[in-house]
Amino acid sequence: AKSQQRAGHFYFSRSMGVEIRERVRMMHALRTAFGQNQLFVVYQPQIDLATRRPMGAEALLRWQTPDGKFISPDRFIPIAEYSGLIIDLGAWVMRTACQELVDLRKAGHLDFMMSINVSQVQFRHPHFLETLRKALEETGAPPEYVELEITESMAMEEPDMLIKMLGQIKQTGVSIAIDDFGTGFSSLSYLQRLQIDRLKIDRAFVTEITGSARGSSIAEMVIQLGRNLGLAVIAEGVEDERQAQILQALGCPLAQGFLFARPMTATALNGWLNNDTLE
Ligand code: C2E
Ligand code: CA
Ligand code: CA
Ligand code: CA
């Protein structure tokens, strides 16, 4: 039994070594990739469920390696956070998305919102506000058309710090959405104290919506909560028409998902929006 334990221990630490080595390898690769412009931003339209018209887009980061492979942000964002690279990377995404917003406005899309994901590592950084202000100023992006998405898990930590930060962010004129809403446990009284503008229903609850009668209960609750608190609500990960119809019937005004459009490059978004306007 003793030798088995030792063997087990040996195996465990070796696999951990492999994992750490893999993480370090990816960290270097990511840094190189960022320096060599292998990273780019794509945009996924957000639409009004009643009119089916595009109202804005969410900026999403992509990494394509020189051999053509895509690495998912679910894999590399945690590494960027862990290594600190997310500070520069996040600032670059913010600036790129703001510039795209300005370009879209020049092309005549004046009522279009740009949503930008913000990692908690960025958010906690002492220069976060300055980075935000600079991105707005240097691109000329109108703050009232920029939204930052923070996750619900982030909203639950350090309430006082968050409340203060959100107040300062609001002063720049940008709005704030809580992403992946429904996955955490923020209380109603806490939510009321946060200066937020929008709740984003997590895809998991949108997927459940067509299952059983109980399946739609969380989406329904979030929509109701939004109404009670005077917040906009958007559903993410809408993949089929039935989900869209149920959400609309429940009173959800906005949605995002493969049913309407996949994330696309800036060039593709321009084309997509022009086609949509011509219809
Ligand atoms: P998220 O913020 O929840 O983004 C939504 C994810 O759902 C995106 O995955 C999007 O491509 C995907 N999605 C959209 N519609 C559908 C649908 O109908 N069905 C399905 N199955 N998926 C859909 P993506 O682009 O792979 O991003 C994954 C996560 O990586 C994001 O989740 C976000 O947490 C993070 N991420 C991406 N870009 C950034 C960024 O610029 N900064 C930060 N901090 N995080 C980012
Ligand atoms: Ca998001
Ligand atoms: Ca989300
Ligand atoms: Ca999600």
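Taken together, the values in this text are just the output of simple stated rules run on the coordinates, not laboratory data. The structure presented is a predicted model; accordingly, all values stated were derived computationally and were not measured. Cβ atoms come from the backbone with ideal geometry, glycine included; neighbour counts cover every protein chain shown.
In order along the range 159-168, the Karplus-derived 3J(HN,Hα) couplings, from 6.51 cos²θ - 1.76 cosθ + 1.60 at θ = phi - 60°, round to x, 5, 4, 5, 4, 5, 4, 4, x, 5 Hz, and Gly and Pro are given as x. Its convex hull of Cα atoms gives the chain a direction-averaged projected area, equal to a quarter of the hull surface, of 18.6 nm².
Exposure proxy for M27, M114: other Cβ atoms within 10 Å of each Cβ, ordered fewest to most, give M27, M114.
With R₀ set to 51 Å, the beta-carbon distance separating Q224 from Q64 gives a calculated FRET efficiency near 0.80. Against the main long axis of the alpha-carbon atoms of the chain, helix 86-106 sits at an angle near 20°. Compared with the dominant Cα axis of the chain, that is its longest principal axis, helix 217-229 is turned about 60°. Distance between the C-alpha centres of the range 54-77 and the range 202-279: 21 Å, rounded to the whole angstrom.
The HN-Hα couplings worked out from phi for the range 116-131 by the Karplus form 6.51 cos²θ - 1.76 cosθ + 1.60 (θ = phi - 60°) are 10, 6, 10, 6, 5, 5, 4, 4, 7, 5, x, 9, 4, 4, 5, 4 Hz, whole numbers, x standing for Gly and Pro.
Remark: relative contact order (the range 32-82) = 29 percent; criterion is Cα-Cα distance under 8 angstrom and separation of 6 or more residues.
The relative contact order of the chain, computed from alpha carbon pairs under 8 Å that lie at least 6 residues apart in sequence, is 17 percent. Within the chain, DSSP assigns beta bridges of which about 40% are antiparallel (rounded to the nearest 5). Helical content of the chain, expressed as a calculated mean residue ellipticity at 222 nm, amounts to -16500 deg cm²/dmol (DSSP H runs of 4 or more residues, -39,500 (n - 2.57) each, divided by residue number, nearest 500). Applying a threshold of 28 Å to the alpha-carbon distances of K69/K170; K106/K134; K164/K200; K69/K106; K69/K134 flags K69/K170; K69/K106; K69/K134 as lying beyond it.
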